[in-house]
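Peer 1: Below is the structure I would like to discuss, written out as C-alpha cells.
The values are calculated or read from the model by the stated rules, or taken from the named source; none is laboratory data. Note that the coordinates shown come from a computational prediction; the quantities given were computed from them, not determined experimentally. Every residue, glycine as well, gets a Cβ built from its backbone with ideal geometry; the counts of neighbours run over all protein chains shown.
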Amino acid sequence: MNATKIQQGFSKSANTYDRFTGLHREIADKLFAQVINENTPSALLDVGCGTGYLTVRFKEHWPQGRIVGLDFSPGMLEVARCKHGGIDWVLGDSNNLPFSDGCFDALISNLAYQWAGDLSCAFTEARRVLAPDGILACTLFGYHTCRELFQSLDEAKTKALQFTRLPDEAQVRQALAASGFEGPIVDVEKNKIGFNSMRELLTWLKSIGANNLSQEGFLGPEAMSRAASIYHRKFPYLQGVGATFEVIRVYVRK
Ligand SMILES: C[S@@+](CC[C@H](N)C(=O)[O-])C[C@H]1O[C@@H](n2cnc3c(N)ncnc32)[C@H](O)[C@@H]1O
C-alpha cells in the first residue's frame, strides 16, 4: 500500500469523516469500555487518532493523565486539534513513533493499523514505547472487509488489477509474535451494513478516506457498471446491497 496515497486520502476526507463514521465510533466505544477497566494510566497514546473521537473520550475520562493522539495525516490532526486543547496532537507515523522507549503505559488504536503496511514494524514500535506491563489495545479492519465489493470488481475486471486487501487474523497474530508480544487475546467479529447500491458504498468509502482500492488504476466505467450488476445480483441485502466489515480486536500486555 502506498503510504502517501493513504495519507492524502485521509487528509482529503478530514472534514466529512465525522459525519460518516458511526460504525467507527461504535467500534471505538467498545474499545473504550474494555480499556477503562485498567488502572488509570499516567500516559496513553492513541495511534492513528484521526479526528480524535476516542482520544477525547480518554482525556475526559482520565483528565489528569497525559493523553497523546498521533496521526500521519495533517488534515485529520487539524480537525482533532479544534476539539480539545488539553491533548498533545502529534504528526507522526505508526512505524516510526517519535517517542522514547517505555514512555506510555497504554497504547490504543482504533481502525488504523490495517493501513500500517508493515504490521510487524508497527507493533514493534508499539511495544518499544510501552512501559513494562503496559497494554496494547487496538482494532483493525480485517481481510474480509468489503469482500462482496472485491469479488464483484474481480469478476467484472477485464485487465489485471490487484486490489488492496487488508491483513487477516493470521497475519495480525504473526506480526504480534514477530514484534515480541506474547499471549495476545485476538477476537474477530463481522458486521453487515446495508447500502442502497455499490455506488453508495464507494462514495461512503471515499468520504471516510478509504478509497485506495487498487494501486494500479481504475476499472473504467463499463467494468464498474458490470461490477454493480454482479454486486446487486449476488449480494442483495435489505432494500439494496450488503457489505461485510470484519473487525479484529487485539488486547495484549508487554
Ligand atoms: C479509519 S481512520 C480511524 C481514525 C480514528 N482512530 C477513529 O477511530 O475514527 C484511520 C486513521 O489512521 C491514520 N493512519 C493510517 N496509517 C497511519 C500510519 N502509518 N501512521 C499514523 N497514522 C496512520 C489515518 O490518517 C487515519 O486518520
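Peer 1: Look at GLY50 and say whether it is within 10 Å of the ligand (Cβ to nearest atom), of a type in the set (Gly, Ala, Ser), part of a loop (DSSP other than H, G, I, E, B) and under 17 Å from the mean Cα position of the chain (by Cα).
Peer 2: Judged against the criteria, GLY50 is a match.
Peer 1: Given the conditions (1) more than 16 Å from the ligand (Cβ to nearest atom); (2) under 30 Å from TYR237 (Cα atoms), and given that PHE141 satisfies all but one, which numbered condition is not satisfied?
Peer 2: That leaves (1) as the condition not met.
Peer 1: Further question: Starting from segment 80-92, take each residue that is over 20 Å from GLN7 (Cα atoms) and list its partners that are loosely packed, with under 14 Cβ neighbours inside 10 Å, counting only C-beta distances under 8 angstrom and pairs at least six apart or across chains.
Peer 2: So the pair list comes out as GLY86/PRO63.
Peer 1: Please find, among GLY134, GLY142, the residue that is buried (at least 19 other Cβ atoms within 10 Å of the Cβ), under 20 Å from LEU45 (Cα atoms), in contact with a strand residue (DSSP E or B) (Cβ under 8 Å, 6 or more places away or on another chain) and touching a residue at least 40 places away in the same chain (Cβ under 8 Å).
Peer 2: GLY134
Peer 1: If you go through segment 99-125, how many residues are within 11 Å of the ligand (Cβ to nearest atom) and not charged (D, E, K, R)?
Peer 2: Summing the residues that are within 11 Å of the ligand (Cβ to nearest atom) and not charged (D, E, K, R) in segment 99-125 gives 13.
Peer 1: Pairs please, first residue from segment 186-198 and among the hydroxyl-bearing types (Ser, Thr, Tyr), second anywhere and outside any loop (DSSP other than H, G, I, E, B), Cβ atoms under 9 Å, 6+ apart in sequence or on different chains.
Peer 2: Here the result reads SER197/ALA228; SER197/TYR231; SER197/HIS232; SER197/GLY240; SER197/VAL241, each pair linking segment 186-198 to a residue that is outside any loop (DSSP other than H, G, I, E, B).
Peer 1: Of the conditions (1) more than 8 Å from the ligand (Cβ to nearest atom); (2) at pLDDT 95 or above, SER94 satisfies every one except a single condition; which number is it?
Peer 2: (1)
Peer 1: Moving on to the next point. Could you grab me the full set of residues in segment 8-37 that are at pLDDT 85 or above and near the ligand (Cβ under 8 Å from one of its atoms)?
Peer 2: Those that are at pLDDT 85 or above and near the ligand (Cβ under 8 Å from one of its atoms): HIS24, ARG25, ILE27, ALA28.
Peer 1: Follow-up. Please work out if PHE20 is touching a residue at least 40 places away in the same chain (Cβ under 8 Å), surrounded by 19 or more Cβ atoms within 10 Å (Cβ to Cβ) and aromatic (Phe, Trp, Tyr).
Peer 2: No, not satisfied.
Peer 1: Of all residues in segment 145-166, how many are buried (at least 21 other Cβ atoms within 10 Å of the Cβ) and either outside any helix (DSSP H, G or I) or at positive phi (or both)?
Peer 2: 2
Peer 1: Next question, about the same structure. Sort out which residues of segment 37-79 are more than 21 Å from ASN96 (Cα to Cα), touching a residue at least 24 places away in the same chain (Cβ under 8 Å) and either touching a Ser or Thr at 6+ places or on another chain (Cβ under 6 Å) or not hydroxyl-bearing (Ser, Thr, Tyr) (or both), and write them in order of number.
Peer 2: Result: GLU38, PRO41, LEU54, VAL56, ARG57, PHE58, LYS59, HIS61, GLN64, GLY65, VAL79.
Peer 1: Would you be able to say whether some residue in segment 189-208 is closer than 16 Å to PHE245 by Cβ, outside any helix (DSSP H, G or I) and modelled with pLDDT under 90?
Peer 2: Yes, that holds for at least one residue.
Peer 1: So, of the residues in segment 66-82 that are more than 12 Å from the ligand (Cβ to nearest atom) and over 19 Å from ALA126 (Cα atoms), which turns out to be surrounded by the most Cβ atoms within 10 Å (Cβ to Cβ)?
Peer 2: ARG81
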